[in-house]
Every structure is written in C-alpha cells, then in structure tokens.
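See below for the structure under consideration.
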Amino acid sequence: MTRPWAFNLMTSCRSLHVSLPHNAMSYTKESKPLPGSDEEKNPLRWAKRLFQLQESQPLLNQAKEPPLLHMVCRLKPLKGIIHYQRAILEKYGLGKDTKNHNWIVVKNTPSVNRDLYEIKHLIRIQPVIFENGLPTESDLLACRLLPDGRFFRHRGLSVDSQLLDSSGPNQVNLSTYNPNQSNDLKALLHSKEENFRYLSRTYLRKWHNKRWANHDFFKEFFTSHYKYKLNQDGNEYRYSGLSRLDKAITHSLESRRNPDGTLKQPNCNRFDADWNTYPWSRY
C-alpha cells in the first residue's frame, strides 16, 4: 500500500462522519414532569428522597427477643475441611453421618455461636420462630418444623391420648408399660375414630421410603464389622500379630524363673517360647 493511497483512504473515512450542530455540547435531556403530578408541585422531592436514605431507620428485629433455637445445615461436603472445623461439625451432629442440607437444631447460646462462627462458610443458620408461643408436651405430636424456621401446630392432627386399663374388656394389654415413661407410648393408645390420619398409609409409605433412601432398613439388627488393614482405627497392634509376639516374649521371660521366683542357671534352657503362640511363619 502506497502512502498517497493510504492518505486518501483516511481522508475519505473522516468525511463519512457528519457532526450535527447540537452534538458539540453533550447534555442529558431530562423529561418534564406530568402536569398536575407530585413532581411538578414539589420539584425538590427527588432531593428529599436522598436525605431519607441517609436517615438511620430502626431495625425491625431490634425490639424482638432473640430466638431460643437455631436450625443449622451443612452446605458443603467434608472433603478438604480443616481438622478443627471438621471437629466442630462432628460436635453438633453435622459430620459424615449427616447429609448436606439436613437440618439440625442447636441452642442459641454464646458458646454455640462462637463455634458456629468458625464454620460460617460451611453452614446455613435459620432461627426457629414460635409464632403460636412455646409448645407444651402434649402439642409436640401435632407440630411441625418447616425449613424456613416456622414452628406451627396442626390443628386437625391433634391426638387425644388416653391411658388404657388392662382390666377392661376389648382393650390391649401392654405388659411393657412404664408409668415413668414419656407420653410417646401413651400417644399410641388411641382409637381410629379420634384421629384417622395418625399412622395412615401415606405416612407409613413416606416413612419407609425415607428409610429406603437412607439405607436404614434393619440397620439396628445388622451392624458392620470392619477388618482394618491400614490402621484406620489406630489399633494396629491389636490385629497385626504384634500382640502374639508380645505374648511369646512374656512367656519366655516367665520361663527363665523358677517357681520360687529365683532365676534359673544360665545356659540351662535357651529361648523357651510357646511355639503355638509365636508367629514363626511371619518372621
């Protein structure tokens, strides 16, 4: 590309841009207020809004009492978490046995809040709100705790629990009844006419589906017995055969003494170990 031709191309491109007279002074065109509106009657209303934003408004929750309980759930997995933060999660039931986004109820005390402050980046905290006041012991079966923290009662699902007498006719005799027990057993002693929704087919299906999802079927009957090989439990001495070696050495030391406690003469018997105890095949 020659220089005169490039100069002509530059001048032609500049000539394509047409500047209008009003573009020389750039300004923002403000729309006029509508006739009869509040903006026309009070032109400085926009400035008053700026001062209202700077005024310190009282907090809505300042007059309310602090919640008694908090709902806490873990948002992130335990992989890569520092050891002391993992210990705090295990302390409040948010460890490896608890899945993410499963709520745990904790007390709202200074000591608990200090621990939760250390793991605030791993959890979500929701205060528990009792809209209808604190529940009584008889209301616990008819209450529900929502994920947003609201604790309310089911008015239509209240159970009128009654204590049955085994001497009466057509009544169930519970031989395992304990009068010092809580009202959980008493709540099961009711008729279908009082509450047909209690332990319904839908409730039992949801309960079994939850146990199926968490792999909890017959968990109380079939416990896990692990065989550790890499010292995961910290008891390598127990299962690595070193305990048998210790027993063999102890037996050899005991055989060096006579029944009266005196030492035997040297070179009488060499290393007297129990050949059935000492693991010769491993050494």
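The values are calculated or read from the model by the stated rules, or taken from the named source; none is laboratory data. Quick caveat: nothing in here was measured; it's all calculated off a predicted structure. Here the Cβ is made from the backbone with ideal geometry for all residues, glycine too, and neighbour counts use every protein chain on show.
Taking region 190-283 and the helices (runs of 4 or more DSSP H) fully enclosed by it, the elements with 3 or more residues that are modelled with pLDDT under 80 are at 236-239, 242-254.
Test of understanding: among LEU89, LEU116, which residue is modelled with pLDDT of 90 or more, part of a helix (DSSP H, G or I) and closer than 23 Å to LYS210 by Cβ?
LEU89
Among the criteria (1) more than 27 Å from HIS215 (Cα to Cα); (2) of a type outside the set (Lys, Arg); (3) surrounded by 11 or more Cβ atoms within 10 Å (Cβ to Cβ), the one THR136 does not fulfil is (3).
Within region 73-82, can one find any residue that is at pLDDT 90 or above, closer than 30 Å to HIS154 by Cβ and assigned to a helix (DSSP H, G or I)? There is no residue in region 73-82 that is at pLDDT 90 or above, closer than 30 Å to HIS154 by Cβ and assigned to a helix (DSSP H, G or I). Taking the conditions (1) touching a Gly at 6+ places or on another chain (Cβ under 6 Å); (2) exposed (fewer than 12 other Cβ atoms within 10 Å of the Cβ) in turn, ILE82 satisfies each one other than (1).
Cβ separations smaller than 9 Å between residues 6+ apart or across chains give no pair from region 89-101 residues that are outside the structural domain of ILE125 (by TED's automatic domain parsing) and on the phi > 0 side of the Ramachandran plot to residues that are surrounded by fewer than 14 Cβ atoms within 10 Å (Cβ to Cβ) and modelled with pLDDT under 90.
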